[in-house]
Structure formats: structure tokens, C-alpha cells
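Note sheet for the following structure.
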Amino acid sequence: MNEELDSQLSAMFDDELPPAECELLARRLSRDEALKARWGRYAVIGAVLRAERGVRLNAALAGRVNVAISAEPALGATAVPARASAPRVRWWQPLAGGALAASVAAGAILFMRAQAPSAGAPLAAQSLPSAVVTPVVNVTSGPLRNTSYVTPPLPAARPMLVPSTQLANYVVAHSMVSSPVARHNLLSAFITSEPAAEAGQAADHVARAAP
Amino acid sequence: MSADASDLSLVRRVQRGDKGAFDALVLKYQHKLVKLVMRYVRNPAEAEDIAQEAFIKAYRALPQFRGDSAFYTWLYRIAINTAKNAVVSRDRSPIDYDLDRSSDESYELQGRMKDSETPEGLVLTDEIRSTVNAAIDALPEDLRTAIVLRELEGLSYEEIAAAMDCPVGTVRSRIFRAREAIDRRLREVFEGGLGRAEELG
């Protein structure tokens, strides 16, 4: 018998063996009959030292229990339903929690995107300063002369959105110069269009139309 | 060191279907459990029957054992309940007029009478006891002190190391060597005597 193994067995009997070593030794102990017999004798030594009077040290109790347990089904099959009734976190619950959190996050993203203007516009708008001064080079005049125009500053919170009343007024004013049919179409399109698209297109229009 | 790690590793194996690991738990705790049950029934043979029933109940209930308490604490409760139920059902059963149960002496007598069915068993128990005691007496003092502090006083290795003013590793080694020395002599008794007892039994 390996002395190191026996030393581990003695420490395990006293609950003084590290858990990782216990796992390995427990596997061996459950299969190795000689080791199991030694383990049983360690228990007898303890019983004698504690002077457990009246206890039959050679009792066939362990053998009788072994025979009775042999007739029982192995626990591996019965453990699962029993555990299922226990009020504790099941293996799939953390995964389900994660999936739920991901669903909420995805829903929130879709909601935000639905509320926001079209894909490219917000990024472009956000990257713009509040007032853009664009230099214009007049190549036709003699000396070079920088001229500029000022793009109206965009609202900080929702930069591409123009207040709907202003936008409606603008559209109506614009349509005054167009034909009645075109005016009707324009108004209809304005009313029925997607809010995000409406805001983006109108803002572009405002920007282009600005003097 | 995590408390109860060795029992828990065996319990987990049983829960996964390894019945051999349950043998180790029974071997470890059978004497303690019988001693415990004897507070209620006094008769060793009856105490063994109750302990056997408690072990079987524990095996069946092991899927529900989550390791919140130590395995022995859990087993202890099962054994106490089994013993109490056995006492209640025995008291409800017709009185056995062959034996006067009014005195402790009668209970002892009843136990001895059942034991007398296996006189070889009684002899072997005495033989085992005397062999272990003789082996302990023959141990060097440091080994004897270490194993007595462990088994009789229930001290941890760390506490024994403090008491004996030596490293924990030395305590582990001393206890192991003490057990080996005792076991060498005990094995002869078991291999010879128990074989005879089984033949007779």
C-alpha cells in the first residue's frame, strides 16, 4: 500500500485533507475494497479510544446496510426530480435571466432607433458644431476674398428635429407658390410621413433653403 | 481547510449514483450512530437495527441533502428521529412479560441475551478493544498524544499543532503513523477473528 495514499486517507478521515484531494481519494475509496477496509479500521480505532461501551466493534452493520442499499435504486436517477422541487437556483435560471436582460436591451435599442431620425443623419448632426461657418472662395473676383454664410444652429438635444409647427408653417408657405395638386400632395406627404423621416428631410430642406 | 469536505465529497459521489461511497460513510459513522441510538434503546442489537434503518433512510433522503449542515449533523437528526419512533412503536406494542423493563439492568440483560446469540462476536469485540488499547500503550509518546488529542478530544490538526508545539504537517504524520501502528495489529485480529465469526454466524 502506498504510504502517501494512506497518509491522505488518515487526513481525510479526520476531515483535514484539502477538498480537491478529497474528491480524488473519495473516488478511489468508493472502489478500492482494501482502502475501504482500512478506513473502517480507522473508525474502530476511534471507537475504542472513545471507549464507546456497548458498541459491538465487529458488528456486521456496515455489511447489512450495504446489502440493503444494493437493493435500492442508484441515486443518480432519482436525484434530479428531487432537486427539481428544491427551492434553489436552477442551472438554466442565470441563462434565462441573461436572455431576458438582452431582450429588454434590444427592445430599448429598437425603441430608441424608432424615436431617432434616420441612420446617418443624427451622427452627422451630432458631429456638427452648433454653428458652422463654411468658407466660400469666390474665384471670379479679382483678389481672393473669403465670404461665408452661417448655417442656423441646431438644437442640442434633438439636433435634426425642427418643431412641427415651424415645419408646418414652412411647408404651407412653400406650397403657396406650387400648384394646388402639388400643394395637396406635399401636405398629405407631410402629414402621413414617418416622424423620423419627416424630421430629417425637413431639416435638410431647411438647411438647404437657408440663405 | 473546509469543514466536512471529506464527507461532502463522499456524499456527492453517492448523489451521483456511486453506492460504494456510501459504504465509506457507514463505516465511518456506524459506531457513533449506534452509540447515539443506545441513549434511547440501550440494547446493542436493537440499536444496530435502528442505526441500520437510519442509514437506509439517510441514503433515500440524500438527494435532498444540500450540504447546508455537516453530513453527520444531518445523519444524527435522522437517527434521533428513527430511535424516537422506534421507542414509541415499541411502547405501543404488547408488553413482553418475559422481561421486566422497569430497570436499566433488565435492558442490559435483554441486550446481552440477544448478544448471546453470537458469543464469538462478544469475544471479538473484547479482543479488538484489548488489541487497540495494547497498541496505543506501545506507541511512542508523541504519536500517542497526537492520536488521543484527535480521537478522544476531537481537536483539529491546527489545535493539536498548537498544543504539541509542532507544525501541522508533523501532526498529520504522527496521527497517520499512530494509526498505521495500531492498524497493523488490528488487521491480524480482523483477518483472523472476523473470518471465524462469519463462518460461525
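Across all directions, the shadow cast by the convex hull of the range B:1-43 built on its C-alpha atoms averages 3.9 square nanometres. Among A:SER30, B:SER173, the ranking by other beta carbons within 10 Å of each residue's beta carbon, starting with the fewest, stands as B:SER173, A:SER30. Listed by chain and number, the lysines whose C-alpha is less than 30 Å from the C-alpha of A:LYS36, apart from same-chain residues fewer than 8 away, are B:LYS19, B:LYS28, B:LYS32, B:LYS35, B:LYS57, B:LYS114. Counting every C-alpha pair in the range A:15-70, the share spaced more than 14 angstrom apart comes to 67%.
Every number in this text was worked out from the coordinates using simple rules, so none of it is lab data. Everything quoted here is computed from the prediction, not taken from an experiment. For neighbour counting, all protein chains shown are included, and Cβ atoms are generated from backbone atoms with ideal geometry for every residue, glycine included.
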